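**Q** Dumping the structure here so I can ask a few things about it.
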Amino acid sequence: MGKLGIIAGGGELPHVGMQEALLAGEDPVFLAIKESDFEPRQYSDRTIPVHITQIGKILKTIQKEKIDHILMLGKVRKDLLFQGLKFDLKALSILAKTINRNDYPIFLAIADEFESMGVKVISQKKYLSSLLLGEGRYTPKKFSSQELKDISFGMEYAEKMADLDIGQMVVVCDESVIAVEAVEGTDATIRRGGEYTKKNGSAVVCKSAKSKQDERFDLPTIGIHTLQVMKESQCRTLCIKEGETLVVNPKEVISFATAHKINFVVLGPSGVKKLNGSQKKIP
């Protein structure tokens, strides 16, 4: 096996991927996107800065470093496409192949470009499996029948929005969609939903992958910051999908949720049936 290249945006995921890849015996290197808030930390000797607008140079770097498999991890703001950035010819040719400027077609076009060079784009789950949780309720409070209805309703609509490539999150209350994620991102969606539901404090935040998610990119992700924004916005329940949504620092997330009385649940094949069973624990 050749070298692993981690195309790295902001957040914790690139670092988790780097640590897990090293433990697995890989020789990984970060291709760190300058337009993100990526920080190399202790891996500066394994970091090569790249511009997201200069795909041609990225491809040359991949060839120079003898990279033969790629992991795409971390946040890059979608609104960069609307900031008047100057893309190189290779980037423009890739964008020209997409059916629209939504995330999924762009990721697919980039992945196809890598594959045409003999560089395999691997599943994000390969080195992030420790961040996937099984179905169940991870916080103490059991749910009322209305809360269970909102969870089921919200997850259905979150998946529909993901399938339409609009966003991965909705905020619901009383079986009504209050806010839908789009280009503004998760935090703004939660805050907007909270503005309309603060009086009763019963908003449910639901995040979902597509029904047929490509595991190579854009798996939904939550972390403590998500819960901090929920706390500020008085949104009371967070629901994600089993095996599809990454939880950064799971134990810390669950501790924070419990301490601040935020309900945290993972919906699986059983639907809402298991959510009022015994509280789940992380081994």
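Per-residue answers, yes or no, for (1) buried (at least 18 other Cβ atoms within 10 Å of the Cβ); (2) in contact with a Cys (Cβ under 7 Å, 6 or more places away or on another chain); (3) in a helix (DSSP H, G or I):
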residue: GLU232; (1), (2), (3): no, no, yes
residue: CYS235; (1), (2), (3): yes, no, no
residue: ILE240; (1), (2), (3): yes, no, no
residue: GLU252; (1), (2), (3): no, no, yes
residue: SER255; (1), (2), (3): no, no, yes
residue: LYS261; (1), (2), (3): no, no, no
residue: VAL266; (1), (2), (3): yes, no, no
residue: SER278; (1), (2), (3): no, no, no
residue: LYS281; (1), (2), (3): no, no, no
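**Q** Could you please give the count of residues in the range 156-182 that are buried (at least 17 other Cβ atoms within 10 Å of the Cβ) and within 17 Å of the chain's Cα centre (by Cα)?
**A** The number of residues fulfilling the criteria is 11.
**Q** Looking only at the range 17-67, how many residues end up being hydrophobic (A, V, I, L, M, F, W, C), exposed (fewer than 15 other Cβ atoms within 10 Å of the Cβ) and not in a helix (DSSP H, G or I)?
**A** Filtering the range 17-67 for residues hydrophobic (A, V, I, L, M, F, W, C) gives 18, 21-24, 29-33, 38, 48, 50, 52, 55, 58-59, 62, 67.
Remaining after also requiring exposed (fewer than 15 other Cβ atoms within 10 Å of the Cβ): 23-24.
Checking which are not in a helix (DSSP H, G or I) leaves us with 24.
Result for the range 17-67: 1.
**Q** For GLY243, work out the one condition from (1) at pLDDT 95 or above; (2) among the small types (Gly, Ala, Ser); (3) within 14 Å of the chain's Cα centre (by Cα) it doesn't fulfil.
**A** The one condition GLY243 does not meet is (1).
**Q** Which residue is surrounded by the fewest Cβ atoms within 10 Å (Cβ to Cβ), if the candidates are limited to the range 189-202 and must be at pLDDT below 95 and either at positive phi or out of contact with any Asp or Glu (no Cβ under 8 Å at 6 or more places or on another chain) (or both)?
**A** Filtering first and then ranking leaves LYS199.
**Q** Does the range 215-229 hold any residues that are over 12 Å from MET169 (Cα atoms), in contact with a Lys or Arg (Cβ under 7 Å, 6 or more places away or on another chain) and part of a loop (DSSP other than H, G, I, E, B), and which are they?
**A** The one that is over 12 Å from MET169 (Cα atoms), in contact with a Lys or Arg (Cβ under 7 Å, 6 or more places away or on another chain) and part of a loop (DSSP other than H, G, I, E, B): GLU215.
**Q** I'd like to verify a number: residues in the range 230-277 that are over 20 Å from GLY193 (Cβ atoms), polar (S, T, N, Q) and touching a residue at least 12 places away in the same chain (Cβ under 8 Å), how many?
**A** Residues in the range 230-277 being over 20 Å from GLY193 (Cβ atoms), polar (S, T, N, Q) and touching a residue at least 12 places away in the same chain (Cβ under 8 Å): 4 in total.
**Q** For the range 138-153, name all the residues that are aromatic (Phe, Trp, Tyr) and closer than 12 Å to ASN263 by Cα.
**A** As a first pass, look at the range 138-153 and keep what is aromatic (Phe, Trp, Tyr): 138, 143, 153.
Selection gives TYR138, PHE143.
**Q** Turning to a different aspect of this structure: Quick one: LYS142 ticks every box in (1) in contact (Cβ under 8 Å) with a residue 12 or more places away in the chain; (2) within 27 Å of GLU26 (Cβ to Cβ); (3) of a type outside the set (A, V, I, L, M) bar one, so which box is it?
**A** Just one mismatch for LYS142, condition (2).
**Q** I'd like to check something: does the range 248-260 contain any residue that is more than 25 Å from SER144 (Cα to Cα), basic (Lys, Arg) and within 12 Å of the chain's Cα centre (by Cα)?
**A** Checked against the condition, which is being more than 25 Å from SER144 (Cα to Cα), basic (Lys, Arg) and within 12 Å of the chain's Cα centre (by Cα), the range 248-260 yields no hits at all.
**Q** For the range 1-16, how many residues meet the condition of being in contact with a strand residue (DSSP E or B) (Cβ under 8 Å, 6 or more places away or on another chain), not aliphatic (A, V, I, L, M) and not in a helix (DSSP H, G or I)?
**A** 6
The values are calculated or read from the model by the stated rules, or taken from the named source; none is laboratory data. All of these numbers come straight from a predicted model, not from anything done at the bench. Don't worry about glycine lacking a Cβ; one is built from the backbone with ideal geometry, like all the others, and counts go over all protein chains shown.
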